[in-house]
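One structure coming up, written as structure tokens, with questions to follow.
The values are calculated or read from the model by the stated rules, or taken from the named source; none is laboratory data. What you see is a predicted model; the values in this text were computed from it and never measured. Cβ coordinates were reconstructed from backbone atoms using ideal geometry, including for glycine residues, and neighbour counts include every protein chain displayed.
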Amino acid sequence: MKVGFADSFGDSLKTLIRHQTWWYKTYELFRYDLPRFFKNVWTFRKALWSHYWFDHHGTLKFLEIGLTNTSDTIEKYGNEVDGPRLKKVAAMRRAIELIKNYNESNYIEMAEKELGELVHHDWEFEPVEDKPGYSRLIDKDTDEEKVHNRKVFDRSSEIEEQEWDELFKILKGQDHKEYRKLYDSQTEEEKKERELWNEWFDGSGIKGWWD
């Protein structure tokens with residue numbers, strides 16, 4: 001049997017070889033790499049400005065901006081069919097929201113929407129009787145107000161913990177072994193009639209957020 005190669009295969013092989021040459025890599029540097037670098041500097045300028053080696057909030061800001069860029073681009077120009085593509089976009093947008101809530105410490109406000117606003121009183125001071133020249137803050141909160149404020153603070157901590165867990169659940173994605181079990185449990189007729197993947201897939205999993 002005679003074995004031959006199509007012209008397109010030879011052309012592709014030549015292209016791969018050419019891309020490894022020093023002169024093509026130099027061309028790539030100025031044509032693609034440097035423009036992309038400066039574009040990324042502009043895209044991530046806020047994250048670069050707020051990044052410190054000793055703090056993780058700036059690192060999360062990079063992820064927020066990167067996911068915003070990715071979700072917007074996939075929504076507008078993605079090649080994947082609408083069903084799973086838009087689920088991925090929705091999952092990315094939720095991850096972005098969770099990161100913002102954490103970096104902006106929005107949990108007190110979220111707890112207040114559920115339980116009511118914290119009770120605040122204007123600060124008033126009174127002199128300390130046995131220490132002339134010293135003053136102390138007057139505690140004007142009633143027992144009822146103290147209980148309410150404590151509930152708000154406790155609820156804000158719960159929301160923070162729940163959203164932190166949700167963020168990493170979204171980034172990790174679903175367990176594909178679960179889908180395999182569901183698929184194998186179907187009859188042949190169900191496999192033909194039912195789009196199980198679209199029903200099961202929720203868009204999560206950062207490993208799949210690409211186009």
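Being under 15 Å from LEU60 (Cα atoms) and either part of a loop (DSSP other than H, G, I, E, B) or of a type in the set (Ser, Thr, Tyr) (or both) is the filter here, so list the residues in region 101-113 that pass it.
TYR102, GLU104, SER105
Then there is this: Among the numbered criteria (1) touching an Asp or Glu at 6+ places or on another chain (Cβ under 9 Å); (2) in a loop (DSSP other than H, G, I, E, B), which one does LEU98 miss?
It fails just one condition, (2).
For the list (1) surrounded by fewer than 11 Cβ atoms within 10 Å (Cβ to Cβ); (2) at pLDDT 95 or above, I need the number of the one condition that LYS61 fails.
(1)
Would you please name the residue that is modelled with the lowest pLDDT, looking only at residues in region 129-142 that are surrounded by 10 or more Cβ atoms within 10 Å (Cβ to Cβ) and in a loop (DSSP other than H, G, I, E, B)?
So, considering only residues that are surrounded by 10 or more Cβ atoms within 10 Å (Cβ to Cβ) and in a loop (DSSP other than H, G, I, E, B), the one modelled with the lowest pLDDT is ILE138.
Check region 5-12 and report whether any residue there is of a type in the set (Ser, Thr, Tyr), touching a residue at least 40 places away in the same chain (Cβ under 8 Å) and assigned to a helix (DSSP H, G or I).
No - not one qualifying residue is present in region 5-12.
Report, by residue number, each residue of region 192-211 that is farther than 24 Å from SER71 by Cα and either at pLDDT 95 or above or surrounded by 12 or more Cβ atoms within 10 Å (Cβ to Cβ) (or both). Let's see the steps before the verdict.
First pass over region 192-211, keeping only residues farther than 24 Å from SER71 by Cα: 192-196.
Result: ARG194, LEU196.
Whether any residue in region 147-160 is farther than 30 Å from GLY116 by Cβ and either touching a residue at least 24 places away in the same chain (Cβ under 8 Å) or not acidic (Asp, Glu) (or both) is what I want to check. Before you say what the answer is, go through the steps one by one.
Step one: list which residues in region 147-160 are farther than 30 Å from GLY116 by Cβ, which gives none.
Checking region 147-160: not a single residue is farther than 30 Å from GLY116 by Cβ and either touching a residue at least 24 places away in the same chain (Cβ under 8 Å) or not acidic (Asp, Glu) (or both).
Do you know which of the residues in region 168-186 that are under 19 Å from ALA90 (Cα atoms), free of Cβ contacts under 8 Å to residues at least 40 places away in the same chain and not polar (S, T, N, Q) is surrounded by the most Cβ atoms within 10 Å (Cβ to Cβ)?
The residue in question is GLY173.
Taking the conditions exactly as written (without any contact (Cβ under 8 Å) to a residue 12 or more places away in the chain and part of a helix (DSSP H, G or I)), does GLU199 satisfy them or not?
Yes.
Scan (1) under 30 Å from SER105 (Cα atoms); (2) not in a helix (DSSP H, G or I) for the single condition GLU80 breaks and write down its number.
It is condition (1) that GLU80 fails.
Across region 172-181, what is the number of residues that are assigned to a helix (DSSP H, G or I) and under 28 Å from the mean Cα position of the chain (by Cα)?
6
Here is a list: SER50, SER12. Which entry is at pLDDT below 80 and surrounded by 10 or more Cβ atoms within 10 Å (Cβ to Cβ)?
SER12
Can you tell me which residue among GLU189, GLU145, GLU126 is assigned to a helix (DSSP H, G or I), loosely packed, with under 13 Cβ neighbours inside 10 Å and over 19 Å from the mean Cα position of the chain (by Cα)?
None of the others qualify; the one that does is GLU189.
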